[in-house]
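Below you'll find the structure, written out as structure tokens, and then a few comments.
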Amino acid sequence: MIKNNAMLKAVLTGAIALTATAISSSAFAADEHAGDEQCAGVVKAGKNDCATATNACHGHVEVNSDAMAWIYVPKGTCERIVGAHVVKVTDPTPKKS
């Protein structure tokens, strides 16, 4: 009986810790790009952060400096890069849960 209680306590403690980790990681994911802007026109092939009109997933742009492919950069950085422009695209990347 004592071994069962110890096992039950260990399982419950692990479940609580796992739940707390999941909650904190999902809150972090929402703020992951809070201080960033979407910068297009300067991405290397295969390095884009999200989908474009020509592909459905991040990392699938096939040419360098695609005008629609974008990456997250710190706010204020994109306007300083030659050939870059700030875009406002809804990021369809699934949220981490």
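Here are some notes:
- Residue count, the stretch 59-72 (criterion: part of a loop (DSSP other than H, G, I, E, B) and buried (at least 19 other Cβ atoms within 10 Å of the Cβ)): 3
- Among the residues making up the stretch 73-86, a single one is surrounded by 17 or more Cβ atoms within 10 Å (Cβ to Cβ) and free of Cβ contacts under 8 Å to residues at least 40 places away in the same chain: Val73.
Only the coordinates and a few stated rules stand behind these numbers; no lab work does. All figures in this text were calculated on a predicted structure; none of them were measured in a lab. For neighbour counting, all protein chains shown are included, and Cβ atoms are generated from backbone atoms with ideal geometry for every residue, glycine included.
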